[in-house]
Amino acid sequence: MQKTTIFKISGIIGLIGCIAVLAADLIGIAVHEAHNPIANTISMLAIGKYGWIQDWGLNILAMGYLAIAAGLYTLKKDGLKWIISLIILVLIAGDIIMIAEHNQYAGRPGENIHRTLVYILAGLFLVLTFLISSDIQTLKPSLKKFSLWIAGIWLVTAPWLPYIPDGYNGAYERLICSLLVIWPAVVSYHLIRIAIAKDS
């Protein structure tokens, strides 16, 4: 398979993952009559008969992260920081899948499993966005600053989530988690662009 094809497929799957998780949240809010997106966290959508919607959204997002890892590996196959970053992308995908499978514990007994997975995700994403920043400019020079900005915003905002008043948990979590979608969406877009540029 040609590199450009891998770039394009990886980028498309990455974007689909981002769109899917956003759609799952919106659909979940619509079908869960008691859900308040301002006060209730995203994970609460995974509880009940419509919980599969949220689970599928997260699983497809995880596939998007895996696809991005494949595309970036095809772009550049050497460099210790780069390889570690790609491994972290795979670990993030695995963590998201485990969150999808265990998020029924959110707000219930067994919540420690869910919370631990969320903390691991938070740490992995911070390390990823810092570590990959110097090398991802191979894809697009401006992505270095972009990745560092995402890392900085994440570092400043994510630790406050446990201290947000209950009435605003959902809104604050959605604001922070948008970074988990924005970063792969932008990288996916540029994977597609580089594929188109190489084909032309």
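The values are calculated or read from the model by the stated rules, or taken from the named source; none is laboratory data. Please read all numbers here as calculations on a predicted model, not as lab measurements. Note: ideal-geometry Cβ built from the backbone for every residue, glycine included; neighbour counts use all protein chains shown. Side chains are part of the model used for accessible areas, which takes the heavy atoms of the whole protein and leaves out ligands, DNA and RNA. Shrake-Rupley method; radii C 1.70, N 1.55, O 1.52, S 1.80 Å.
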Report summary line: If each K or R counts +1 and each D or E counts -1, the residues other than A62 whose Cβ falls under 11 Å of its Cβ total -3
Query raised in the report: Which semi-axis lengths, in whole Å and largest first, follow from the square roots of five times the eigenvalues of the Cα gyration tensor of segment 61-180?
Result: 28, 17, 10
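For the chain, report the accessible area per residue in Å² (1.4 Å probe, heavy atoms, rounded to an integer).
With the other protein chains kept in place, the chain gives 51 Å² per residue.
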Query - Share of carbon and sulfur in the accessible heavy-atom surface of the chain [1.4 Å probe, %] - result: 70 percent
Report summary line: In order over segment 11-19: 3J(HN,Hα) from phi, Karplus 6.51/-1.76/1.60, θ = phi - 60°, whole Hz, x for each Gly or Pro, gives x, 5, 5, x, 5, 4, x, 5, 5
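Exposed loop trypsin sites (Lys or Arg not before Pro) only (DSSP loop, at most 13 other Cβ atoms within 10 Å): please give the longest stretch of the chain free of them, not including the sites.
Counting at most 13 other Cβ atoms within 10 Å as exposed, the longest clean stretch of the chain is 78-200.
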Report summary line: Taking the chain and counting helices only, DSSP H stretches of n ≥ 4 at -39,500 (n - 2.57) each over all residues, the nearest-500 ellipticity at 222 nm comes to -25500 deg cm²/dmol
Report summary line: Phi-derived 3J(HN,Hα) across segment 25-31 with the Karplus relation (6.51, -1.76, 1.60, θ = phi - 60°), rounded Hz, x for Gly and Pro, is 5, 5, 5, x, 4, 5, 8
